[in-house]
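Student: After the structure tokens below, expect a handful of questions from me.
The values are calculated or read from the model by the stated rules, or taken from the named source; none is laboratory data. This structure is a prediction, so every number in the text was calculated from the model and none was measured. Here the Cβ positions follow ideal geometry from the backbone for every residue, glycine too, while neighbour counts run over all protein chains shown.
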Amino acid sequence: MDKFLKSEWSYLEKKLIVSTFFLSGVVIGFLFAPIKKGIYCGNNNGATIHTKKGGKKEHK
């Protein structure tokens, strides 16, 4: 790490390298993370009822 910080690269180049490795790690983490029960966006608070015909009915 000390060798990296004292290298002849500019501050911008060092910043780009660090951010590239960080974002690559985030992408790799998402790819290897197990997805359980699919991806669901919402709070799932039970405010909807699914009818037999497939339609939705909201609680009031």
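Student: Mind checking which residues of segment 28-60 are modelled with pLDDT of 70 or more and surrounded by 10 or more Cβ atoms within 10 Å (Cβ to Cβ)?
Tutor: I28
Student: Can you name every residue in segment 1-20 that is surrounded by 10 or more Cβ atoms within 10 Å (Cβ to Cβ) and in a helix (DSSP H, G or I)?
Tutor: Step one: of segment 1-20, the residues surrounded by 10 or more Cβ atoms within 10 Å (Cβ to Cβ) are 4, 7, 9, 13-20.
Scanning segment 1-20 gives F4, E13, K14, K15, L16, I17, V18, S19, T20.
Student: Give all pairs with beta carbons closer than 8 Å in which a residue from segment 1-22 that is on the phi > 0 side of the Ramachandran plot meets a residue that is among the acidic types (D, E) and surrounded by fewer than 11 Cβ atoms within 10 Å (Cβ to Cβ); count only pairs at least 6 apart in sequence or on separate chains.
Tutor: Listed by first residue and then by second, the contacts come to nothing, as the list is empty.
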